[in-house]
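Just below is one structure, and these are the notes that go with it.
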Amino acid sequence: RLLGVPPEVIESFGAVSYETAVAMAEGALDKSPNAQRAISITGIAGPGGGSTEKPVGLVHFALAGSQLQTWAMHQVFPGNRHAVRHASLRHALSLLQESIAQA
């Protein structure tokens, strides 16, 4: 709700999806008028909650910016909950850093 993700996006695609990650990043950017970029992370860190379609370790990222087109990608990280969360954070910060360097 804080990011303005339409409920139908989560109902149609799930909380862990490309579409939800995009809606989260765009919502964060929209709700933060002074921000130039916003990055979102949504995933399944485990230990449970995974499925064949969406395994534990699956993480979707999206990056939105006031002067760039929103894009998203996903990764599957190995390890336990702590390892997946840590790798996700490092990856998100790396993506953000790359987008700033390219500006």
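The numbers here are math on the coordinates, done by the rules we state, and not lab data. Predicted model only: the values in this text are computed from it and were never measured. Virtual Cβ from ideal backbone geometry, glycine too; neighbours counted across all protein chains shown.
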What does the charge count around Leu3 come to, taking other residues whose C-beta lies under 14 Å from its C-beta (Lys +1, Arg +1, Asp -1, Glu -1)?
-1
List the relative contact order of the chain as a percent without decimals, with contacts defined as Cα pairs under 8 Å and 6+ residues apart.
23
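Can you tell me how the chain classifies by the Cα gyration tensor, rounded, prolate or oblate, using a/c under 1.5 as the rounded cut?
Oblate.
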So what's the net charge close to Ile41: Lys and Arg +1, Asp and Glu -1, counting the other residues with Cβ under 13 Å from its Cβ?
+2
Describe numerically, in nm with one decimal, the distance between label points set 7 Å from Cα along Cα→Cβ at Asn80 and at Ile10.
2.9
With angles folded into 0 to 90 degrees, how steeply does helix 18-31 sit against the dominant principal axis of the chain? Use alpha carbons for both and round to 10.
40
